[in-house]
Structure formats: structure tokens, C-alpha cells
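Worksheet: one structure, shown below.
Values quoted throughout were computed directly from the atomic coordinates according to the rules given, and no laboratory measurement underlies them. Worth saying up front: this structure is predicted, and the values here are computed from it rather than measured. Positions of Cβ are backbone-derived with ideal geometry, glycine not excepted, and every protein chain shown enters the neighbour counts.
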Amino acid sequence: MANGKKKSKKKLFIFGGLGLLIVVLILLVAFSGNKEEIISVQTEKVSRRTITQVVTATGKINPEYQVKIIAEATGEIVYLPIREGDMVKKGQLLLRIKPDIYEAQKNSAEARLAQAKSSLNATKALLEKVESEYKRVQGLAQKGLASDADLETAKSTYLQTLGNYESQKSIVSQAEAALKEAIETLNKTYVYSPIDGTISKLSVELGERVIGSAFTGTELLTVADLSNMEATVDVDENDVVLVSIGDTARIHIDAFGDKVFKGIVSQIGNSAKTTGLGTQEEVVNFEVKIKLIDLDDKIRPGMSCDAEIETETKQNVLAVPIQSVTARLTEKPNPSQNDEDNPDNSKNGKRNKPKEVVFVVENGKAKMVEVKTGISDDNYIEIIEGLKGDEEVISGPYRAISRELENGKKIMVSSAKSK
């Protein structure tokens with residue numbers, strides 16, 4: 001009997017404790033649900049600054065002027081006095097291709113021309129004789145001393161000889177053209193420098209055989225003017241519209257560490273360079289050339305570089321940290337319907353698109369302010385409309401600005417940056 005009472009009391013304590021625990025949990029949930037979340041943020045004063053908009057790009061260093069020379073005559077290289085890196089002058093002999101075949105062709109063309117001229121002279125002499133005979137017969141015919149048949153025969157002979165003479169003149173012209181071509185081909189066995197510069201690339205060796213062609217001949221060498229260098233960089237299609245001829249740029253060449261070279265945009269490509277066409281990795285760039293102003297003798301063609309092109313500078317403009325600007329729907333949509341079914345989700349017939357906003361501190365709360373932005377640099381962005389200056393704008397953390405903050409949210413400033 002005593003044991004039964006002890007068990008009943010034990011059960012009473014257990015169930016009573018469980019009930020008390022449930023009540024406590026319900027109260028905790030109820031009170032915590034009514035407690036408003038306070039977001040910890042960092043702030044910074046809106047101030048006036050000088051902002052320089054910069055477009056970044058990567059590319060290579062190349063000579064501003066360079067000439068790639070290909071073989072226009074076929075044969076063995078028999079003379080090669082230069083080496084890669086040598087300085088050369090315009091008109092200097094760079095190499096020679098064995099000329100034996102081309103000299104033989106020239107001699108043959110000269111012989112054919114001499115033969116054609118000899119035949120022309122003989123035909124000319126014959127023409128003069130026939131012409132004289134024709135004129136004599138014409139005179140006799142006028143006096144009635146020659147028949148019409150004699151006159152027709154003399155005329156026919158004259159015209160035939162005249163035709164042969166004109167034909168022979170054409171043969172001489174063809175022989176002269178053939179000789180000129182043979183001389184030109186022979187001259188192509190001599191390769192001269194087209195500009196003052198440096199042998200930046202030498203692709204052949206002494207004794208090597210090359211194939212000559214005006215379009216697909218063997219590449220021989222490249223002469224470059226290393227006193228005029230440029231950075232050739234690829235600029236994204238969204239940024240190239242910001243770049244203009246004459247914009248200043250800072251060039252960082254990988255081989256020179258932190259040294260900065262100054263440059264000026266000299267050319268902007270009109271044709272796009274597309275990679276990964278038709279794939280998710282498709283990239284469209286435009287080639288921009290930047291002339292280097294200050295040079296170093298150690299700069300070599302093909303070096304990798306990064307360019308920072310200063311496209312626009314504005315002084316004394318209102319600016320906020322670039323991370324302070326985010327996008328929000330300034331009008332809350334009706335979640336039960338989409339834009340097509342519910343006109344409240346649009347304004348003046350247009351979709352309620354996200355607007356650029358910042359959050360400023362007002363009486364311990366975040367106030368959402370719609371702004372219009374301008375140019376930006378790496379750290380700050382220009383505010384054209386929406387702020388007057390000296391407001392305390394929320395500058396971090398990024399998660400709070402991009403997701404958590406809403407108009408009227410309570411905030412706690414953990415730290416503030418001064419101007």
C-alpha cells in the first residue's frame with residue numbers, strides 16, 4: 001500500500017514537471033516572437049570627393065610599328081649576317097637567298113628580248129622596203145603605167161608586212177615585261193630592312209631552304225621599332241563604351257613588379273573578339289591600344305600587362321562607399337498575384353523594377369532612400385540625386401545591406417568611419 005502511494009507521488013512530480021516545462025517554453029516563444037530584431041551595422045558620413053572612373057583590362061606589350069618579313073623567293077639562305085636583337089637601319093641587307101636559278105631566268109629573258117628586238121629590226125627594214133615599193137606602184141598606177149592587179153598586190157604585201165611589224169612590237173613588249181619580272185624576282189633574293197629597328201624575331205638559320213610566295217611564303221624575321229611600344233589589351237563589351245581616344249592609363253607590366261608606366265589610349269577596335277561562342281563561357285571583348293609614354297630599355301614584345309584606363313574624373317561630388325548602394329523594390333508587390341494579373345504590382349503600366357537605394361541612420365532606425373548614381377571608382381560611387389550631404393549612411397556589413405535591412409528596421413551602430 002505504501003509502495004503504491006510512493007509511485008503515485010512520483011508520477012505526479014514527473015507529469016507536473018513536464019507541464020511546467022511546456023508552459024515555460026510557450027512563454028519563451030511568445031515573448032521572443034514579440035522581440036524586434038536589432039541589426040548591427042557600420043556607417044560613414046556622406047561627403048564630397050574626387051572620383052576617377054577606371055576600366056581595367058589585361059593584354060600584351062607590343063611594338064607600335066613592326067614588320068613581319070616573309071620569303072618571296074624560293075631557295076637556300078646563303079647569307080645571314082644578323083642575329084635576333086640586332087639593331088638595323090632602313091635599307092640594310094638582312095639576308096640573301098641563293099640566286100642561281102633567278103639569275104639564269106634573268107639571262108634567258110634578256111636573250112629572248114634581244115632576239116625579239118633583232119626580229120623587230122628586220123621586220124622594220126622589210127616594212128620600209130615594202131612601203132617604198134607600194135608608193136612606187138601607186139605613182140605608176142596614177143600615170144597608167146601599172147595595172148590594178150599590180151597595185152592590189154603591192155598594197156596587200158605592204159599591209160601584211162605592217163601587221164607583222166606590229167606583232168613583232170608586241171613580242172618585244174612581252175619580252176621586256178618578262179625581263180622586268182625576272183629582275184624583280186632576282187631582287188627578291190636580297191632581303192632589306194623596311195624600317196629602322198630591332199630584329200625582334202629571327203625564324204630561319206643559315207643554309208635553311210625557304211619557300212617563296214607573296215602571301216604564304218616562309219616567315220623569315222620580324223623587325224620592330226622598340227622605341228615606340230604599346231599595350232594591346234582586351235576590354236569587355238560593357239566597358240569599351242566608356243573608353244575614349246586620349247584617355248590616360250596606368251600600365252602594370254608583370255616583369256617589372258610594382259612599377260607603373262603611363263600611357264594614352266591611341267586606338268579602339270571596332271570589331272569584336274568573341275571566345276567561347278555559343279557556350280555559357282562566351283566572352284565578347286574589344287581590342288584597345290595604349291601608347292606607352294615612359295619606356296624602359298628592358299621592355300620586350302610579348303610581355304604580359306594589366307591596364308587601368310581612367311575614363312572620367314569628377315571633382316567635389318557627393319559620394320558614398322560603393323557597397324552602400326543596393327537594389328530594392330520601392331513598392332511591395334502583392335505575393336498572391338503576378339504582375340500580369342494584378343495591376344498593383346506595376347506602376348503606370350510598367351513593372352515594379354528594383355531601384356538603387358541606400359540606407360541612412362535616422363533616430364536609431366534604417367531609412368531607405370532612393371538615389372541616382374553616377375561614376376564610381378574602386379571604393380566610392382557618385383550620388384547625383386537622393387542625398388544632400390552629411391547624412392550617416394550605412395556602409396556595412398554587406399549581408400545586412402543586401403538582404404536584411406528594410407525601411408524602419410532598428411539598428412545598432414557598431415563603428416563609424418569619419419570623412
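Only residues of the stretch 234-262 count here: report those whose backbone N is under 17 Å from the spot 7 Å along Cα→Cβ of Glu282, or say none. From the stretch 234-262, the list is 236-238. Between Lys60 and Arg399, the distance separating the two model label sites (each 7 Å from Cα on the Cα→Cβ line) works out to 4.5 nm. Computed over the stretch 158-201, the range of Cα coordinates on each principal axis works out to 66, 15, 10 Å, biggest value leading. Roughly how many nanometres apart are two label points built 7 Å out from the Cα toward the Cβ at Ile22 and Asn407? Computed distance between label sites Ile22 and Asn407 equals 4.4 nm.
Using the Cβ-Cβ distance between Ile322 and Lys259 with R0 set to 35 Å, the FRET efficiency from 1/(1 + (r/R0)^6) comes to roughly 0.80.
Segment Thr52..Arg83, full-extension length gain: 6.6 nm, with 0.36 nm per residue of separation and the alpha-carbon distance subtracted.
The Rg/Rh ratio for the stretch 140-253, using Cα coordinates for both the radius of gyration and the Kirkwood hydrodynamic radius, is 1.46.
P(r) for the stretch 204-296, please, calculated from all Cα pair distances in 10 Å bins and given in %. Whole-percent P(r) values from 0 Å outward: 13, 30, 26, 24, 7, 0.
Between Ser227 and Gln115, the FRET efficiency estimated from the beta carbon spacing at R0 = 60 angstrom works out to 0.70. Rounded to the nearest 0.05, what FRET efficiency do Phe215 and Lys155 have when you use their Cβ-Cβ distance and R0 = 60 Å? Once rounded, the FRET efficiency stands at 0.70. The calculated P(r) of the stretch 72-135, using every Cα pair and 10 Å bins from 0, goes 17, 23, 19, 15, 12, 9, 4, 1 in percent.
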